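What follows is a single structure, written as structure tokens, with notes after it.
The values are calculated or read from the model by the stated rules, or taken from the named source; none is laboratory data. What you see is a predicted model; the values in this text were computed from it and never measured. We place every Cβ from the backbone using ideal geometry, glycine too, and count neighbours over all the protein chains shown. When the accessible area is computed, the model is the full protein with side chains, heavy atoms only, and any ligands, DNA or RNA have been set aside. Shrake-Rupley method; radii C 1.70, N 1.55, O 1.52, S 1.80 Å.
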Amino acid sequence: MDRENIIYLFLLVLTFFTLQTSTASQMFVSHRHLVGEWRLLHESIGITAMHMQLLHNNKVVIFDRTDFGHSNLSLPRGRCRYNSHDLALQKDCSAHSVLYDIVSNTFRPLMVQTDTWCSSGAVLPNGTLVQTGGFNDGDHIVRSLAPCTDENCDWFELPRTLVQRRWYSTDHILPDARIIVIGGRKQYNYEFYPKNSRGDSAFSLQFLKSTLERNENNLYPFVFLLPDGNLVIFANTRAIILNYKENQVVRELPSIPGDEPRNYPSTGSAVLLPLDENRPMEAEIMVCGGAPRRAYRYADKYKMYMKALSSCGRINVIDDHGIWEMETMPTRRVMSDMLILPDGDIIIINGASRGTAGWNNAISPVTTPVIYRPNVRRDNRFSIMKAASRPRLYHSSAILMTDGRVLVGGSNPQEYYNFTGVEFPTDLSLEAFSPPYLARKHNHLKPTVLSIDEILTYKNSFSATFTVPTFLRIGTVSIRIIAPSFTTHSFSMNQRMVVLKGVVVVAVSDNSYKFTAFAPSTKEIAPPGYYMLFVVHAGIPSSGVWVKIQDST
């Protein structure tokens, strides 16, 4: 028996004699009659939140596009951006990016030089945001922003770094710490950043061309890293398993039932459901919403707004014989965001019930978030939350924050900043939605992490101490890590949750406990880098604490 198993058995026996269990009826609290809360954080941050990424210093990088014209936020110290290629202003002294501080609820302007419209991003293991592509003079650019504790960090841009033009492409961090950049408008290929010593070129991917339609419907493909190291790529109605190392399609999945497109501009959303190391490994993707095949043409040409799709499909992509399980959302949705919450549920937020993505191509906003519980009975999985006070349509976004709230911003269906004379004006506000697990009635069950091993190494055990006012029983505690997402255009790139194995809890003192768990088994299950770690007790998560997963040294 190896050392790790000996430690685990010892702690398990110790736990049995240390803690008193309670009845099964006390195991998990019910959120049945709770609908969450909204809070306005800022009426205006000066720009519209088209893209968002949380960094491990609890600051959020937010940006829109440079070709919008003047924003409502000036660059500091009299700085201006001079760009002869800009389609709106060749001299622009306003900001198009901000850094939002979650803790202080403040923000400051950042300087971005080239156009970031409809671009992509991922975070390197050292915590640096790498952001790729965009429109116009930004389509071959790689930009980076490293977290800092002072007020000096800003964007750094590398011109002509990408091999191909990347506009509406998707990024994903890989186990070897490279970023794969997939697709984009008229790009049926993928490339890597950083390149290897041979200077990789782009690799052809015929699948992207075969899913192209008259109205495209295959941009911003949904991409997820699987536990076996391959990628699942979903575009339009189809999906493949790709061995990117060999540039080989391993197999094609069944088309999603209904034969209606789910990617931009039909713009549904997708998520990789939590990976659980406590059971035989499954990898389920879930795809929700979208718009009918003709929706873009009807909205763009005739201003006729077709009903959005109400269906969701989930499939175990590891199973060679996996089939789609279809469900119906309480509301039709196009352009919604899907985020994994700390308790393992999925929130579906933002969007519209008619139309599609594009300039003024949607009406009938859906302001009520929906929470989906993937592990309960099929007819009891959806719950409707409290409605927001403002619509979030084209060019809105949402991310999970460490305190468990969802940060929501954006919505600009206009081609420029436009605040008057239109049905859905440019929205510069920032809001937070608090899911039901943050309700005050659950405070007695909410854990607080006191100390933790901040560096986790693959397969090795680690520990943390936490308090909870009313402890129920051992079996109600789980430890989960979440990779923060780069969210834009209704897809949260790189987000993933892993439920850690070998969790053992022992009492340290009154209301104080220590858990031991094992870090993820492989880089394929959890690529190296920073994650939010949550202690979940009886379905109520702690605030997240940052840990870094890396190889042992």
Output for the range 442-522: trypsin sites (Lys or Arg not before Pro) sitting in coil per DSSP, at most 12 other Cβ within 10 Å, listed by number, reads LYS459
Spelling it out for GLN495: with amide H atoms placed in the peptide plane at 1.01 Å from N, the residues 5 or more places away or on another chain with amide H under 5 Å from its amide H are PHE486
Could you give me the radius of gyration and the Dmax of the range 380-508, taking only the C-alpha atoms into account and expressing both in angstrom?
19.6, 62
Can you give me the convex hull volume of the Cα atoms of the range 61-153, divided per residue and expressed in Å³?
99 Å³
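Between ASP259 and THR149, what's the calculated FRET efficiency when r is the beta-carbon distance and R0 is 56 Å? Round to 0.05.
Working: r = 51 Å, r/R0 = 0.92.
Calculated value: 0.65.
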With the charge dipole of the chain built from beta-carbon charges (+1 for Lys and Arg, -1 for Asp and Glu) about the Cα centre, the Cα from ALA239, VAL334, LEU472 projecting farthest to the positive end belongs to VAL334
Length gain on complete extension for the stretch SER509 to GLU213, per 0.36 nm per residue less the alpha carbon to alpha carbon distance?
100.3 nm
In terms of modelled amide H atoms, which long-range or inter-chain residues lie less than 5 Å from the amide H of TYR244?
LEU231
For the range 271-276, 3J(HN,Hα) per residue [Karplus equation, 6.51 cos²θ - 1.76 cosθ + 1.60, θ = phi - 60°, Hz, x = Gly/Pro]:
8, 8, 5, x, 8, 10
For THR48, THR328, THR106, give the ranking by accessible area with the largest first, probe 1.4 Å.
THR328, THR106, THR48
Please work out the ratio of the alpha-carbon Rg of the chain to 2.2 N^0.38 Å and round it to two decimals.
0.94
Hey, got a sec? Which trypsin sites (Lys or Arg not before Pro) in the range 133-165 land in a DSSP loop and have at most 10 other Cβ atoms within 10 Å?
ARG160
R0 = 45 Å: FRET efficiency of LEU40 with LYS91, Cβ-based, nearest 0.05?
0.85
Cysteines in the chain lacking a second Cys C-beta under 4.7 Å:
CYS118
Gain on full stretching of the segment that runs from MET111 to PHE156 - 0.36 nm per residue minus C-alpha separation
15.3 nm
Sequence order, the range 219-231: Karplus ³J(HN,Hα) from phi using 6.51 cos²θ - 1.76 cosθ + 1.60, θ = phi - 60°, Hz rounded, Gly and Pro as x, gives 7, 6, x, 7, 10, 9, 7, 9, x, 8, x, 7, 10
What list of ³J(HN,Hα) values in whole Hz, one per residue of the range 63-78 in order, does the Karplus curve 6.51 cos²θ - 1.76 cosθ + 1.60 (θ = phi - 60°) give from phi, with Gly and Pro shown as x?
7, 10, 9, 6, 7, 7, x, 4, 8, 9, 9, 7, 5, x, 6, x
Please compute the modelled spin-label separation between ASN126 and GLU454, points set 7 Å along Cα→Cβ, answer in nm with one decimal.
1.7 nm
Relative contact order of the range 285-425: what whole-number percent is it, with Cα pairs under 8 angstrom and at least 6 residues apart?
18 percent
Carbon-plus-sulfur fraction of the accessible area of the chain, 1.4 Å probe, in percent?
50 percent
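Find the all-direction average of the projected area of the Cα convex hull for the range 127-281, expressing the result in square nanometres with one decimal place.
If I average the Cα hull's projected area over directions, I get 11.7 nm².
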Qualifying GluC sites (Glu not before Pro) for the range 103-203 [loop in DSSP, other Cβ within 10 Å: at most 12]:
GLU151
For the range 39-145, averaging the sequence separation of alpha carbon pairs under 8 Å that lie six or more residues apart and dividing by its residue count, the contact order in percent is 22 percent
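For the chain, give the magnitude of the charge dipole about the Cα centre (Cβ charges: +1 Lys/Arg, -1 Asp/Glu; no others), in debye to the nearest 20.
On the way: 55 positive and 50 negative charges, 184 e Å.
Its charge dipole is roughly 880 debye.
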With R₀ set to 25 angstrom, the calculated FRET efficiency between the beta-carbons of MET281 and ASN243, to the nearest 0.05, is 0.90
Tilt of helix 3-18 relative to the longest C-alpha principal axis of the chain, in degrees (0 to 90, nearest 10)?
70 degrees
Members of LYS441/LYS523; LYS209/LYS303; LYS446/LYS548; LYS186/LYS386 lying beyond 30 Å, as alpha-carbon distances in this model show
LYS441/LYS523; LYS186/LYS386
